[in-house]
Amino acid sequence: MTYTPSKLLTVEDFTSQYGDDSRYELIDGELRDLEPTGPHESVAGELAGHWFSAFRSGPQAAARSWTIPKNCLICPPAAQSTALRPDVIVLDKAKLEREPFWQKEPVIASGQSIVAIAEIVSTNWQDDYARKVEEYLLLAVAEYWIVDFRGLGGLEFIGRPKQPTITICQLQGGYYQKQQFRLHEPIASRIFPTLTLTLADLMP
């Protein structure tokens, strides 16, 4: 749900009023209610667990200094009125030292610290399939997952008939190459090449 206040909020307004409230994010000055239902949170937790296991195992595990924070805001410097709150995000701990706000608050201002992001689709599905694709592309996020476990997205995004779908956007040549996976199809990820997962494994 979108709330349009009498005047559009700045990032500073948002962080001071809603920075500690994981229910809200800000897009173009408008307050968004993320509507975190139980099933939504369950899917996010399942995915975070699978991602964590994937990067903590395998031949490259010792070289990775990645982490999944419980709460995180993304405030791109070029967007003065946008503060995104991803459902699941993997950060590179070695690069967090360069983040200007991280030591005092869980705010990311640069895409360099971001390894991967996932959004669990709710009724604000237009944000996940369109607006956030643009923002994460501008930040050069290497891999962005859109987990639409209820098949809510528009037909142009998930096709007909509408059904549960994971769309993985992988950065290539400055653009996102998108690949879709249905309920029981094995997911292929460049960031997590050893991951063995289907959408059915995440379903609440």
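Given the conditions (1) in contact (Cβ under 8 Å) with a residue 24 or more places away in the chain; (2) over 23 Å from residue 183 (Cβ atoms); (3) assigned to a loop (DSSP other than H, G, I, E, B), and given that residue 100 satisfies all but one, which numbered condition is not satisfied?
Failed condition: (1).
So residue 154 passes all but one of these: (1) farther than 21 Å from residue 72 by Cα; (2) loosely packed, with under 13 Cβ neighbours inside 10 Å; (3) in contact with a strand residue (DSSP E or B) (Cβ under 7 Å, 6 or more places away or on another chain). Which condition number does it fail?
For residue 154, the failing item is (3).
Considering only segment 70-107, how many residues are touching a Ser or Thr at 6+ places or on another chain (Cβ under 9 Å) and among the aliphatic types (A, V, I, L, M)?
8
Could you list, in sequence order, the residues of segment 103-114 that are surrounded by fewer than 21 Cβ atoms within 10 Å (Cβ to Cβ) and either at positive phi or in contact (Cβ under 8 Å) with a residue 40 or more places away in the chain (or both)?
Scanning segment 103-114 gives 105, 107.
Would you say residue 119 is touching a residue at least 12 places away in the same chain (Cβ under 8 Å), closer than 20 Å to residue 67 by Cβ and of a type in the set (Asp, Glu)?
Criteria met by residue 119.
What's the total number of residues in segment 160-173 that are under 18 Å from residue 120 (Cα atoms) and either touching a Ser or Thr at 6+ places or on another chain (Cβ under 6 Å) or modelled with pLDDT under 95 (or both)?
Adding up the residues that qualify gives 1.
If the requirement is being in contact (Cβ under 8 Å) with a residue 12 or more places away in the chain and in a strand (DSSP E or B), which of these qualifies: 180, 126?
Just one listed residue meets the conditions, 180.
The values are calculated or read from the model by the stated rules, or taken from the named source; none is laboratory data. Just so it is clear, the structure is predicted and the values come from calculations on it, not from any experiment. Cβ sites come from the backbone with ideal geometry, for glycine too, and all protein chains shown count toward neighbours.
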